[in-house]
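Take a look at the structure set out below.
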Amino acid sequence: MVGSEAERYLRMWELSSRDGVRSWLARPLQIDDAQALSFVRTGSALWDAQVAVRAPHRVGFVPPRAEFSYNSTLPWGFNDGPVWQGKGLTAWSSVGLALSTRFLSVRFEPLAFVAQNASFDLIVNNDTGNVFANAVIPRTIDLPQRFGSGAYARVDMGESYLRLARSAVGVEIGTEALGWGPSLDNPLLLGNNAGGFPHVLVGTFHPVRTPVGFVSLQAVYGRLTQSAYSPDTIGSDLRLGSGLIAIWSPTRLPTLELGGARFLHRDWSGHFGRAELLAPLGSLLFDAQTAGVDAADNQLATAFARLKVPSVGLEVFGEFGKNDRNGSIRDLTVEPDHNAMWSLGVMKSLRQHPGGEFWSVSGQVVNGRITSLQRIRGQAIVYEHTPVVQGHTLNGQVLGAPLLELTGGALLRLDHWYATGGAGVSIMQRLMPPNLEEGAPLSASRAQWAAEVHRKSLSPARMLSRHAGILFDLNRTPSHDVTSFFVGAGWQGGS
């Protein structure tokens, strides 16, 4: 599953492997066949079982899962799928069935959650008709500060899918989260922060060897919905989300991956025809909506690279993206920082031992700040949009990087992994400016800092997880800081 601890463990373990998973740029990993399973042998039988839960020729229950969290003062929680962790208690659970044959894989794993969603001091957003809307850009993104004045609960189809594949090529109908790009925690386009959306995905599920190298291609079309507190109150609450991702790796250097992706939102009546089918193939430059010859849409596009150096257990990656099209090649080359975002990251595996024990350290910086171009040319937060005013969101949560809720930040994480679990610490910073102006005064420069400790314990019968931390919301309002504590625990049955 995209964003799971088992996925993180495997990614960190194979940093020192010359084989392993061929590509990490289009997830979830499809560990369904014997060839792929042969890569998943880390030395820890318990972790191997967590990674390879979708073994071939098997029918049975998906291990049940139950989790809870508590936030003392402010909402806090990311990369948890459709769950929204408000102030107070939040609890969620999932269970399901799975079937896997030679060509067909089916998984039904609905998820339900309920959040206490207790009251806290909202930031005044200058939108008198929607006090729960986003504090900075209430009219151009569906990203509420709070989901109403009472408890908030939802049932979601979760990590469910039906997949038909032969060799590396196939088609999937499902709702599982997709991860596009090199980052585990903060991919710029698609990750597990808001969970998955109902979609049809066509393409390769493993890289295909060609005369020019290893190639992966995927196209996705899906149904996107908004929250009850979206700024769009007069149009359809449905959007068509469509996108493409292409990845290439040279035959002589398979540890290098290069790729690009784009994702588009457009208002949708539910009809799917030629225009909807070809939407991801539209122009990267000419903006047809401004010429009045096409439906309004919101495009995001990124280019990325990942290089693994197995001899030293090291990986470096980067991603650069744009919100909406450039007017011309000159516009793209002369002002590349206009409505742009980028991220840089590094991962390192340390002191790897037989039996699955090792240390890992990872760090990432994400930047989508308003630049000095604001003086002469308007700019936007990368995930907001007009006229598709829901922005790059699903049900009120960002589809991409949590660090880019406004203008970026950084994440540093240290983990100790061993045969029966793992433990670690992380530090996160999120920059949360109060407006879109360049050079806000220090007294009004808002930033969130969070420190967390976490632990996983594995046995054949279950996996237990625990975490606790503290959040400092500095200058939440000018010259006023807020401190919040958060804790959580989870249980997952054995496979």
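Look through Gly60, Gly43, Gly20 and report the one residue that is farther than 30 Å from Val482 by Cβ, modelled with pLDDT under 65, surrounded by fewer than 17 Cβ atoms within 10 Å (Cβ to Cβ) and over 21 Å from the mean Cα position of the chain (by Cα).
Gly43
Could you list, in sequence order, the residues of the stretch 307-341 that are on the phi > 0 side of the Ramachandran plot, at pLDDT 85 or above and not polar (S, T, N, Q)?
Listed by number, the list holds a single entry, Gly313.
Look through Leu411, Leu344 and report the one residue that is surrounded by fewer than 21 Cβ atoms within 10 Å (Cβ to Cβ), part of a strand (DSSP E or B), modelled with pLDDT of 95 or more and out of contact with any Lys or Arg (no Cβ under 8 Å at 6 or more places or on another chain).
None of the other options fit; the residue is Leu344.
Kindly indicate the residue of the stretch 203-249 that is over 23 Å from the mean Cα position of the chain (by Cα) and aliphatic (A, V, I, L, M) and also farthest from His265 (Cα to Cα) among those meeting that condition.
Val212
I need the full set of residues from the stretch 196-245 which are in a loop (DSSP other than H, G, I, E, B) and either among the acidic types (Asp, Glu) or in contact with a helix residue (DSSP H, G or I) (Cβ under 9 Å, 6 or more places away or on another chain) (or both), in order please.
His206, Asp232, Asp237
Do you know which of the residues in the stretch 168-182 that are in contact with a Phe, Trp or Tyr (Cβ under 7 Å, 6 or more places away or on another chain) and outside any strand (DSSP E or B) is modelled with the lowest pLDDT?
Looking at the filtered set, the residue picked out is Ala168.
If Arg154 passes every condition in (1) at pLDDT below 95; (2) in a strand (DSSP E or B) but one, which one does it miss?
(1)
With the condition kept exactly as written, say whether any residue in the stretch 126-147 is aromatic (Phe, Trp, Tyr), buried (at least 21 other Cβ atoms within 10 Å of the Cβ) and in a loop (DSSP other than H, G, I, E, B).
Checking the stretch 126-147: at least one residue is aromatic (Phe, Trp, Tyr), buried (at least 21 other Cβ atoms within 10 Å of the Cβ) and in a loop (DSSP other than H, G, I, E, B).
Can you tell me which residue among Gly77, Gly81, Gly148 is out of contact with any Gly (no Cβ under 7 Å at 6 or more places or on another chain), within 25 Å of Val382 (Cα to Cα) and in contact (Cβ under 8 Å) with a residue 60 or more places away in the chain?
Criteria check complete, one pass: Gly77.
Does the stretch 281-300 include one or more residues that are among the polar types (S, T, N, Q) and part of a strand (DSSP E or B)?
Yes, that holds for at least one residue.
Output the number of residues of the stretch 249-270 satisfying the condition of being hydrophobic (A, V, I, L, M, F, W, C), modelled with pLDDT under 95 and farther than 24 Å from Pro198 by Cβ.
Here the count works out to 2.
The values are calculated or read from the model by the stated rules, or taken from the named source; none is laboratory data. Bear in mind that the values here come from a model prediction, so they are computed numbers and not experimental data. In this analysis, Cβ positions are derived from the backbone assuming ideal geometry, glycine residues included, and neighbour counts consider all displayed protein chains.
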